[in-house]
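Chemist: Take a look at the following structure, please.
The values are calculated or read from the model by the stated rules, or taken from the named source; none is laboratory data. These figures come from a predicted structure and were not determined experimentally. Cβ coordinates were reconstructed from backbone atoms using ideal geometry, including for glycine residues, and neighbour counts include every protein chain displayed.
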Amino acid sequence: MTAVAAVAALAPAAQAQPPESRRDPARGLRLNQVQAMATHNSYHREASFAEQRLMAAHDPNFATLLYSHASLPQQFERQRVRGIELDVFPDPRGGLYADPLIRTAAQLPPLTDPELRRPGFKVLHWADFDYGTTCVSLRSCLTRVKEWSERQPDHVTVPILLELKETDPRLEERGGAVSPPWDTAMLDALDAEIRTVFPDEDTVTADDVRREGETLEQSVLRHGWPEVARSRGKVMFLMDNDDQGLQDAYRAGGRESLQGRVLFTDSEPGRPDAAFTKVNDPTGANKAVIRDLVSRGYFVRTRSDVPLDQAASGDTTMLRAALDSGAQMVSTDFPAPGLAARYGSDYVAELPGGTDVVRCNPVTVRKGHCPRGPLER
């Protein structure tokens with residue numbers, strides 16, 4: 001045996017490969033130390049021309065509804081999106097939103113998707129008025145995300161923002177759907193339905209962040225979020241609603257720090273459940289507010305545009321403020337070139353450079369300390 005071979009034989013095999021965390025391109029980074037683009041109302045498809053004519057007669061702001069998104073997998077695969085928003089309506093018996101008033105008024109044929117008639121939470125923007133969606137039920141939407149995730153298991157954690165909605169009283173009076181209340185039992189059912197698609201091992205929840213003997217907020221501020229490397233292939237659910245009554249129902253039964261819950265609530269600093277919050281407008285003084293929240297350890301969602309102001313003007317002031325703020329989740333309706341062309345501009349909301357799906361957070365990662373190369377394989 002040569003001297004070189006002898007040395008090689010003595011070296012432990014385990015030392016031949018570095019630890020997984022060292023090989024990961026985002027080694028050392030935590031979930032609050034990255035930033036990615038997300039989409040707003042990610043399921044949305046605009047109404048037919050016949051329905052748009054009726055919308056114009058009843059809603060002076062109907063033009064803000066004239067945008068459409070690609071399917072959820074296409075957003076992830078082709079538009080570098082790493083965060084989505086879904087609007088959710090309860091439908092425990094099925095069929096509650098299957099016959100929209102505006103569709104009937106426009107003399108269009110009935111909707112035929114059988115998923116509409118099945119029990120389970122539905123995904124749409126405005127019941128009986130603006131109902132176009134790429135995936136009818138929450139289960140079907142999440143299944144599409146899950147299938148993409150299984151094809152791309154090394155993706156960074158994808159935040160999924162859920163807005164829990166109710167039907168419009170004005171449309172209820174005209175014979176439209178009347179949604180059941182979001183009480184604790186309904187919220188329990190929501191958690192259960194999410195878990196049928198994404199079991200706990202595939203999600204980041206408050207139970208993964210909170211330390212024993214501490215509130216969720218204390219754990220986030222003292223110890224930080226899970227590492228990106230250990231959270232790949234997972235999703236994280238966030239509650240868009242800041243309604244106190246709804247949040248109280250979600251925290252009821254000794255769950256002040258979201259024990260056993262799937263969603264992170266949109267909470268204010270100082271509350272036991274404070275870990276995620278949203279500041280939708282990043283301009284003006286709000287930019288400093290977001291930077292302060294992010295620097296302290298909170299996970300923040302903001303927006304880079306609102307329909308259809310930036311798409312019409314091409315102005316990127318709000319986008320630049322959103323990116324500079326350090327908000328980890330920056331939502332847009334225009335994540336790819338060409339989507340705003342119909343409104344007369346080349347506006348697109350993407351990370352600087354337009355090639356990466358995620359980048360080091362400009363607030364929580366010091367300059368010169370970002371790992372080289374793409375953070376997602």
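Chemist: Go through region 257-267 and count every residue that is in a strand (DSSP E or B) and surrounded by fewer than 15 Cβ atoms within 10 Å (Cβ to Cβ).
Modeler: 0
Chemist: Just to be sure, is V294 part of a strand (DSSP E or B) and either of a type outside the set (S, T, Y) or surrounded by fewer than 18 Cβ atoms within 10 Å (Cβ to Cβ) (or both)? Explain how you work it out, then say what you get.
Modeler: Working: part of a strand (DSSP E or B): no; either of a type outside the set (S, T, Y) or surrounded by fewer than 18 Cβ atoms within 10 Å (Cβ to Cβ) (or both): yes.
Here the answer is no, as V294 does not meet what is asked.
Chemist: Given the criterion under 30 Å from A185 (Cα atoms) and over 17 Å from the mean Cα position of the chain (by Cα), identify the matching residue among D91, D87.
Modeler: Numbers: D87 fails: over 17 Å from the mean Cα position of the chain (by Cα).
Just one listed residue meets the conditions, D91.
Chemist: From the set of residues in region 268-291 that are assigned to a loop (DSSP other than H, G, I, E, B) and among the β-branched types (V, I, T), which is farthest from L258 (Cα to Cα)? Let's see the steps before the verdict.
Modeler: Of region 268-291, the ones assigned to a loop (DSSP other than H, G, I, E, B) are 268-275, 279-285.
Then drop every residue that is not among the β-branched types (V, I, T), which leaves 279, 283.
Numbers: V279: 21, T283: 31 Å.
Per the criteria, the residue is T283.
Chemist: Every residue in region 304-343 that is touching a residue at least 24 places away in the same chain (Cβ under 8 Å), more than 17 Å from R82 (Cα to Cα) and part of a helix (DSSP H, G or I), please.
Modeler: Selection gives Q310, A311, A312, S313, T317, M318, A321, D324, S325, Y343.
Chemist: In addition: If I filter region 71-111 down to residues being without any contact (Cβ under 8 Å) to a residue 24 or more places away in the chain and assigned to a loop (DSSP other than H, G, I, E, B), which single residue comes out as surrounded by the fewest Cβ atoms within 10 Å (Cβ to Cβ)? Walk me through it before giving the result.
Modeler: Taking region 71-111 as the starting set, the residues that turn out to be without any contact (Cβ under 8 Å) to a residue 24 or more places away in the chain are 74, 95, 98-99, 104, 109-111.
Still in the running and assigned to a loop (DSSP other than H, G, I, E, B): 95, 98-99, 109-111.
On the way: G95: 13, A98: 21, D99: 14, P109: 6, P110: 10, L111: 16.
This residue is P109.
Chemist: For the structure I just gave you, tell me whether A312 is of a type in the set (A, V, I, L, M, F, W, C), under 23 Å from N61 (Cα atoms) and at pLDDT 95 or above.
Modeler: Working: of a type in the set (A, V, I, L, M, F, W, C): yes; under 23 Å from N61 (Cα atoms): yes; at pLDDT 95 or above: yes.
Here the answer is yes, as A312 does meet what is asked.
Chemist: Further question on the same structure: Picking from G253, G284, G245, which residue would you name as being within 30 Å of Q310 (Cα to Cα) and among the small types (G, A, S)? Break it down stepwise before answering.
Modeler: Working: G253 fails: within 30 Å of Q310 (Cα to Cα); G245 fails: within 30 Å of Q310 (Cα to Cα).
Selected residue: G284, the only one of G253, G284, G245 that is within 30 Å of Q310 (Cα to Cα) and among the small types (G, A, S).
Chemist: Among the candidates E147, E115, which residue alone is free of Cβ contacts under 8 Å to residues at least 60 places away in the same chain and either of a type in the set (K, R) or surrounded by fewer than 17 Cβ atoms within 10 Å (Cβ to Cβ) (or both)?
Modeler: Numbers: E147 fails: free of Cβ contacts under 8 Å to residues at least 60 places away in the same chain.
On inspection, the qualifying residue turns out to be E115.
Chemist: Same structure again: So, in region 50-70, how many residues would count as being out of contact with any strand residue (DSSP E or B) (no Cβ under 9 Å at 6 or more places or on another chain), of a type in the set (A, V, I, L, M) and part of a helix (DSSP H, G or I)?
Modeler: Total meeting the criteria: 5.
Chemist: Could you tell me whether L258 is at positive phi and touching a helix residue (DSSP H, G or I) at 6+ places or on another chain (Cβ under 7 Å)?
Modeler: Numbers: at positive phi: yes; touching a helix residue (DSSP H, G or I) at 6+ places or on another chain (Cβ under 7 Å): yes.
So L258 fits the description; yes.
Chemist: Let me ask another. Would you point out the residue of region 302-326, among those that are among the acidic types (D, E) and closer than 17 Å to T39 by Cα, that is surrounded by the fewest Cβ atoms within 10 Å (Cβ to Cβ)? If you could, list the steps in order and put the result at the bottom.
Modeler: The initial filter retains those residues of region 302-326 that are among the acidic types (D, E), namely 305, 309, 315, 324.
Next, only the ones that are closer than 17 Å to T39 by Cα stay: 305, 309.
On the way: D305: 24, D309: 13.
Within region 302-326, the match that is surrounded by the fewest Cβ atoms within 10 Å (Cβ to Cβ) is D309.
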